[in-house]
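Beneath this line is the structure, given in structure tokens, with notes to follow.
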């Protein structure tokens, strides 16, 4: 493993071959469904990754913070949707981005926020592009398709001089499912709820050009998206063990792993201690309640081959405890001597990536390149 | 709360008054016990925090990565203990730090690593200061006090020309306890096990000047530390909800909180949506199995007063779901309108701090100052 001799551990490794395959798979599916695809770059927070998504056919990006908007705009991305409910105190920042040429769309799900947006926009001579967030699965934010508030928010924006761009939903509860049938049903629920909200706005004489839906599981499960104009998804670019348990990828699709070094053993317990603790893996235990619990991650060899049954059963800040599931491995210290390099597949790529200031991107030709990642707000 | 109008959310807020009180409490206890105190700066990764610890009487610092060692050394800290088992590939970096004048101590718990240290040291004419890690509670790394390997590692280092500095242990399983009696017993187990290891090394004719123990719960619970020369602890500087449940602090001692803004509601469910999701709070659910589960954190008003019963019951990347425990709060949207600023006390200060590139330190006089924090390795 000469290639890894140049980098220290823990390191966040991207297998570019896998990443490209994941990007192509999603984009092709979106093309077949005839919808625009707007990837959520909160997963990677990385310019190079977003560029690969754009080159494959993505149109515009979705962000979760205005810092992401700033960073991607500085890198030449102009069509940006900030898909978290707009806090009124952030309107001056949004205005500033728009005045600098960023086509920034914003989101609201309440009359109070819609009024604040319209008042601020009018006071500053700016017609913000605003989507109304729709709740199609009860998991977080949004207005239910049949609620009166939907039309009220639409009117406050439209009559207040803002550009009512349409409706947006995210069926985050798809993360709790794990059969193709349930995922398909959730994709249809997400689609039909969002389309219904659009129909109600239009029936009330309000504009609604955009119907934006998506989560990685529903985007991949959908086989028809009538009435939808745009899909958003984020974690598909890397995939992870949570997605593996949901059933939308296999371990061999997971493009992000943590390169780690064995630093010790408790041989009598069958433990190897590695330098990937929770600071590297994150505290995400997303597989804990899924059909297979991978602890803090699935162990692979340095080449990325899954070592079935070996997982991180525990994590302290800079220590990971590697063990075999079931019977303890009496040969652990021989199997993984001090200095051994391994890779750990993460439960949740968004959370694990966030622990690192940069990725190490591994090309097909075996070269490594550092790709920066944003941190903070 | 004009003071917070100048900063965006989410922000990692340090109450300096509380931090100073926490630092003084620990230092005074160590002074009374007659031991040196070497704080673990992995909790804050912040120069200003470590300086406050040093000004109160701390001698030297403990780090969990060589990046921390680099950063604190650059800021004038020279007595640094790297308290994670030494991976042989990091020896050139450790050597370089020592050659630049850093009194860097390192750690090992295996014959394999000890040999690698001694060989590398001899080949480079460097007598590394090395402690042997002792396992006093079975929770992670280290050699048990009665194991043969303890003396073997000691001999490999001493006879290999290294400076055998002594023994070190960390009773991390103290985090699983929650009564004063159990904590006192664990503190005594940690002390006696480490002292026993020191006695064995000395009886074998090996040097063992340092006997280093510690975790925040055991350090605070200990009422006698005979034979111990040095104590290490980290999270006490901020405290958190895990420590509150263990019983070594109250909510009013917690010096780190996340300042957040209400961005929406699901009034029928009694939810407020805030902009502190897991990216801000971390995915740490350390209170999940403790006597009181605080979800993703305890809600306080903007002045830091605990709003009893209000917690973050869920978290997505940039969304926190705030709810009252028990019966839903039908007035949630009136109680916390959009734009309301709140503070959230974290489950685990080390993990929450790590999500932020900087802290906002709040003085008694009401001024805010940005304090940088290291990220990555």
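Residue B:366 falls short of the stated requirement of being under 21 Å from residue B:17 (Cα atoms), more than 9 Å from chain A (Cβ to nearest Cβ), touching a strand residue (DSSP E or B) at 6+ places or on another chain (Cβ under 7 Å) and part of a loop (DSSP other than H, G, I, E, B).
Is there a residue being within 11 Å of chain B (Cβ to nearest Cβ), in a loop (DSSP other than H, G, I, E, B) and surrounded by 22 or more Cβ atoms within 10 Å (Cβ to Cβ) anywhere in the range A:142-151? For the range A:142-151, residues within 11 Å of chain B (Cβ to nearest Cβ), in a loop (DSSP other than H, G, I, E, B) and surrounded by 22 or more Cβ atoms within 10 Å (Cβ to Cβ): present. Annotation: residue B:53 fulfils all but one of (1) in contact with a strand residue (DSSP E or B) (Cβ under 9 Å, 6 or more places away or on another chain); (2) within 14 Å of chain A (Cβ to nearest Cβ); the unmet one is (2).
For the range A:153-162, which positions are more than 14 Å from chain B (Cβ to nearest Cβ) and buried (at least 17 other Cβ atoms within 10 Å of the Cβ)?
A:154, A:155, A:157, A:158, A:160, A:162
Does the range B:309-320 include one or more residues that are touching a strand residue (DSSP E or B) at 6+ places or on another chain (Cβ under 6 Å), in a loop (DSSP other than H, G, I, E, B) and without any contact (Cβ under 8 Å) to a residue 60 or more places away in the chain? There is at least one residue in the range B:309-320 that is touching a strand residue (DSSP E or B) at 6+ places or on another chain (Cβ under 6 Å), in a loop (DSSP other than H, G, I, E, B) and without any contact (Cβ under 8 Å) to a residue 60 or more places away in the chain.
Can you name every residue in the range A:334-346 that is within 12 Å of chain B (Cβ to nearest Cβ) and crowded, with 21+ Cβ neighbours inside 10 Å?
Just the residues of the range A:334-346 that are within 12 Å of chain B (Cβ to nearest Cβ), to begin with: A:334, A:336-341, A:346.
Within the range A:334-346, A:336, A:338, A:346 qualify.
Does the range B:347-363 hold any residues that are in a loop (DSSP other than H, G, I, E, B) and more than 11 Å from chain A (Cβ to nearest Cβ), and which are they? Break it down into steps so the answer makes sense when it comes.
Initial filter on the range B:347-363 (in a loop (DSSP other than H, G, I, E, B)): B:347-348, B:354-357, B:363.
Matches in the range B:347-363: B:363 only.
Of all the helices (runs of 4 or more DSSP H) wholly in the range A:213-305, which have at least 2 residues that are more than 13 Å from every other protein chain (Cβ to nearest Cβ)?
Numbers: elements: A:216-221, A:241-246, A:278-281.
Here the list reads A:216-221, A:241-246.
Just so you know, all these numbers are worked out from the coordinates, no wet-lab data involved. Here the structure is a predicted model, which is why all the values come from computation and not from measurement. Cβ coordinates were reconstructed from backbone atoms using ideal geometry, including for glycine residues, and neighbour counts include every protein chain displayed.
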